[in-house]
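Here the structure comes first, spelled out in structure tokens, and everything after it is commentary.
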2 protein chains.
Amino acid sequence: MLAVMARAATTSDVFNAIAEPQRREILVLLRAGERPVTEVARELGLPQPGASKHLRVLREVGLVRDRRAGRQRLYGLDARGLRPVHEWTGGFEQFWNESFDRLDAYVQELEQSRQEEQR
Amino acid sequence: MLAVMARAATTSDVFNAIAEPQRREILVLLRAGERPVTEVARELGLPQPGASKHLRVLREVGLVRDRRAGRQRLYGLDARGLRPVHEWTGGFEQFWNESFDRLDAYVQELEQSRQEEQR
DNA sequence: CTAACATATACCCATATCGGCATGCGTCAA
DNA sequence: TTGACGCATGCCGATATGGGTATATGTTAG
């Protein structure tokens, strides 16, 4: 396979998995507890196949776990995979405070150069 | 425009912007300070147009800021946009601890049902 | 055994996305 | 003013993606 990968597979990366708004909604929903696909679909106003597909992606990256219960399949949260994301973003914490200052300075620079232009 | 949006535009969402590994690398790199495009490209082993494109996406979601300096264009980090991501994932913090327990229980369940099958 | 139910898949479409290459454009130096 | 430099864009190709609809698969109830 000399496949020229056009982009990273969504299915192999948590960052990609949570890039989808509906998948994030699903994760939030599942914080309240396990749910069968139909419930997820109903509560989020999704068509059932859509819900299944998103759940599959989430399952493949390990953010969700499924358990058979009769003829239902209960999906439950496994949030451990979110930890790396939290930590990665956390690595910028000192910067988003600092950024305010820098931005202020930046805005002032702009302001200043704008005034200079007007002279 | 009856455009049937196939997926959320990468350019309008921080979650999507950081879904790209190389863009994450760029952000990390920029923690060390402002850099011109060429530098970013060189340090990450990217072709210049590629670097420019990624930087553009990052700029459009506000994670990066650019400043002209002579014939160079310096890109600098503006990490504030990462805060929501950090907070969103933080909303699962209690779960990724709890998850260990649940997973243990789950694994045991599996173990048990497997044994029952073998009888 | 069979019908009803719960889910997952297979397809198809439209579009988004990334990478590579060539080229346009603005800025500075000589 | 002109050439070199730094960067952005345009275009193309291959592929991934999300949504919709129909259908296959598996499970339980009767």
>> Give me log10 I(q)/I(0) at q = 0.12, 0.17, 0.27 Å⁻¹ for the stretch B:36-104, Debye formula, one equal scatterer per alpha-carbon, no solvent.
In response: -0.49, -0.70, -1.15
>> Please give the Cα centre distance for the stretch B:34-58 versus the stretch A:12-76, rounded to the nearest Å.
In response: 36 Å
> Between B:GLU87 and the same site in the other copies, what are the distances in nm, shortest first, taking label points 7 Å from Cα along the C-beta direction?
Replying inline: 2.4
> When only the heavy atoms of the protein chains count and the probe is 1.4 Å, how do B:VAL37, B:VAL85 rank by accessible area, highest first?
Replying inline: B:VAL37, B:VAL85
> Counting only the heavy atoms of the protein chains, how much of A:LYS53 is accessible to a 1.4 Å probe, in Å² to the nearest 10?
Replying inline: 140 Å²
>> Output needed: percent of Cα pairs per 10 Å distance bin for the stretch B:1-77, bins running from 0 to the one holding the longest distance.
In response: 19, 52, 21, 8, 1
>> If I ignore ligands, DNA and RNA and count only protein heavy atoms, how much of A:TRP88 is accessible to a 1.4 Å probe, in Å² to the nearest 10?
In response: 50 Å²
>> Once ligands and nucleic acids are excluded and a 1.4 Å probe is used, how much of A:THR38 is accessible, expressed in Å² to the nearest 10?
In response: 100 Å²
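At a probe radius of 1.4 Å, figure out the A/B buried accessible area, summed over both chains, and give it in Å² to the nearest 100.
3800 Å²
The values are calculated or read from the model by the stated rules, or taken from the named source; none is laboratory data. Everything quoted here is computed from the prediction, not taken from an experiment. No Cβ is skipped: glycine too gets one built from the backbone with ideal geometry, and neighbour counts run over all protein chains shown. With ligands, DNA and RNA removed, areas are computed over all heavy atoms of the protein, side chains included. Shrake-Rupley method; radii C 1.70, N 1.55, O 1.52, S 1.80 Å.
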